[in-house]
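The values are calculated or read from the model by the stated rules, or taken from the named source; none is laboratory data. On a predicted model such as this, the values are computed, not experimentally measured, just so you know. Backbone-built Cβ (ideal geometry, glycine too); neighbour counts: all protein chains shown.
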C-alpha cells in the first residue's frame, strides 16, 4: 500500500486522439477528467482550444474548463494548485482523477513535487521588456531570452511573450536561469502515477492536424475570434496569442489573407505538436502507445485499462 493518492494521465500531441480515448478509459475506470490544457481554462474560447463538447462532458465529469475570462491571468502555478485540490476531492468521492491534455509543463509540474520559483516581480523590468516587445516584436524578445537561457528559448514559442518575459525576469532577479531552476527540481512523484502517452506516425499526425484546422474553420473559428475581439479582448492578451486566435486575428487586422492565416495555423500547429512530443519524451514514467492503426484501437484501450487496474490494485477503493 502507498499513502500517495492515485493519479492517471493521458498525454500526447494535439490531434492524436486523447479526448476519444480518455472518455472510454474514464467510463471503464470510474474517472473524473481534469483538463491538462493551458488554453481550455478560458471561457468563450471553445473551437480553437478543441474542448470536449457539452455532450462529451455530460458523459464524464470534466474540470478546469471555462473557469476564467481571457483577460484574467492563469499560470502553471494556478493550475497546479487547482488541480491538486481537485485530485483530493475526486479521490474523496471514490473516483479516479484522470488528467488529459498536452501542456507538458502544466502536467509535469502537477505529477511531480515541482516548486515554482519564489523570485518576486520587478515591474520596471517587465515594463522595459514590454516596451522592447512593442518596438521590436516577438522574435527580438525571444532572441533576448535565447542569449540568456537557450534551453528556455527552445521550450517557449516566441508567441508566448508572457512566459518569455517571466523567464527573463527570473534570470534578472536571481542570477539563475529558469532552466537551471527547472533542473534543480526533484523528480519525486507526488502521486501514485499511471501515465499513458499517445503517439502515431508523424505523417498521419500532420494530416490529422491539417484536417482538424479545416474542421475548426468550418465550425466557426474565425467568427469565434471576431466575437472575442468585439467583446474587447485585445489580440495581445496571452490566450489571444494562442494557436488559432493569433492567426485569425492576423486576418481580421488585415495583415494576412485568410488563405495565409489558415496555412500559418497548420504550420504552427505542426510545430507545436513536435514540441509537445519532445517535452513528453523526456518524462521517464510514461507508457507509450502507438495509435497509428485504427484497427488496434480496441486492443490499446483494453491494454490501458488493464495497466491502470493493475497499477491501482494496491488502493483498496479500486479493488
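I need the helices (runs of 4 or more DSSP H) fully contained in segment 221-319, keeping only those with at least 2 residues that are under 30 Å from residue 75 (Cα atoms). If you could, list the steps in order and put the result at the bottom.
Numbers: elements: 221-230, 245-252, 258-281, 297-311.
Filter on segment 221-319 gives 221-230, 245-252, 258-281.
Taking segment 182-218, which residues are in a loop (DSSP other than H, G, I, E, B) and over 25 Å from residue 271 (Cα atoms)?
184, 185, 186, 187, 188, 190, 191
Please go through (1) at pLDDT 80 or above; (2) within 18 Å of residue 109 (Cβ to Cβ); (3) surrounded by fewer than 17 Cβ atoms within 10 Å (Cβ to Cβ) for residue 172 and return the number of the only condition it doesn't satisfy.
(2)
Here are some residues: 256, 229, 301, 222. Which one is over 20 Å from the mean Cα position of the chain (by Cα), in contact (Cβ under 8 Å) with a residue 60 or more places away in the chain and surrounded by 13 or more Cβ atoms within 10 Å (Cβ to Cβ)?
Just a single option satisfies the conditions, and that option is 301.
Please name all residue pairs, on different chains or six or more residues apart, with Cβ atoms under 7 Å, provided the first residue is in segment 70-97 and is more than 18 Å from residue 33 (Cα to Cα) and the second residue is outside any helix (DSSP H, G or I) and at pLDDT 95 or above.
Correct list of pairs: 70/42; 70/44; 70/45; 70/233; 71/233; 74/41; 74/68.
Taking the condition outside the structural domain of residue 305 (by TED's automatic domain parsing), exposed (fewer than 15 other Cβ atoms within 10 Å of the Cβ), out of contact with any strand residue (DSSP E or B) (no Cβ under 6 Å at 6 or more places or on another chain) and under 21 Å from residue 242 (Cα atoms), does residue 147 pass?
no
In this structure, is residue 34 under 14 Å from the mean Cα position of the chain (by Cα), within 29 Å of residue 310 (Cβ to Cβ) and crowded, with 21+ Cβ neighbours inside 10 Å?
When the stated conditions are applied, residue 34 passes them.
In segment 98-137, which residues are under 30 Å from residue 35 (Cα atoms), surrounded by fewer than 16 Cβ atoms within 10 Å (Cβ to Cβ) and without any contact (Cβ under 8 Å) to a residue 40 or more places away in the chain?
118
Residues in segment 223-230: is at least one touching a helix residue (DSSP H, G or I) at 6+ places or on another chain (Cβ under 7 Å) and within 20 Å of residue 277 (Cβ to Cβ)?
There is no residue in segment 223-230 that is touching a helix residue (DSSP H, G or I) at 6+ places or on another chain (Cβ under 7 Å) and within 20 Å of residue 277 (Cβ to Cβ).
Hey, could you check segment 1-18 for residues that are under 26 Å from residue 293 (Cβ atoms) and in contact with a strand residue (DSSP E or B) (Cβ under 7 Å, 6 or more places away or on another chain) and say which is surrounded by the most Cβ atoms within 10 Å (Cβ to Cβ)? Steps first, please.
First, pick out the residues of segment 1-18 that are under 26 Å from residue 293 (Cβ atoms): 8-18.
Those still in the list that are in contact with a strand residue (DSSP E or B) (Cβ under 7 Å, 6 or more places away or on another chain) too: 8-12, 16-18.
Details: 8: 26, 9: 26, 10: 29, 11: 27, 12: 26, 16: 26, 17: 18, 18: 24.
Ranking the qualifying residues of segment 1-18, first place goes to 10.
Starting from segment 179-193, take each residue that is modelled with pLDDT under 70 and list its partners that are surrounded by 12 or more Cβ atoms within 10 Å (Cβ to Cβ) and outside any strand (DSSP E or B), counting only C-beta distances under 8 angstrom and pairs at least six apart or across chains.
What qualifies is 185/113; 185/114; 185/115; 186/113.
I'd like to know if segment 289-312 contains one or more residues that are under 27 Å from residue 133 (Cα atoms) and either at pLDDT 95 or above or touching a helix residue (DSSP H, G or I) at 6+ places or on another chain (Cβ under 7 Å) (or both).
Scanning segment 289-312 turns up no residue that is under 27 Å from residue 133 (Cα atoms) and either at pLDDT 95 or above or touching a helix residue (DSSP H, G or I) at 6+ places or on another chain (Cβ under 7 Å) (or both).
Consider segment 47-64. How many of its residues are over 13 Å from residue 98 (Cα atoms) and buried (at least 19 other Cβ atoms within 10 Å of the Cβ)?
Going residue by residue through segment 47-64, those that are over 13 Å from residue 98 (Cα atoms) are 47-59.
Adding the requirement that they be buried (at least 19 other Cβ atoms within 10 Å of the Cβ) leaves 47-52.
Of the residues in that region, 6 qualify.
For segment 198-206, state whether one or more residues are at pLDDT 95 or above and surrounded by 21 or more Cβ atoms within 10 Å (Cβ to Cβ).
yes
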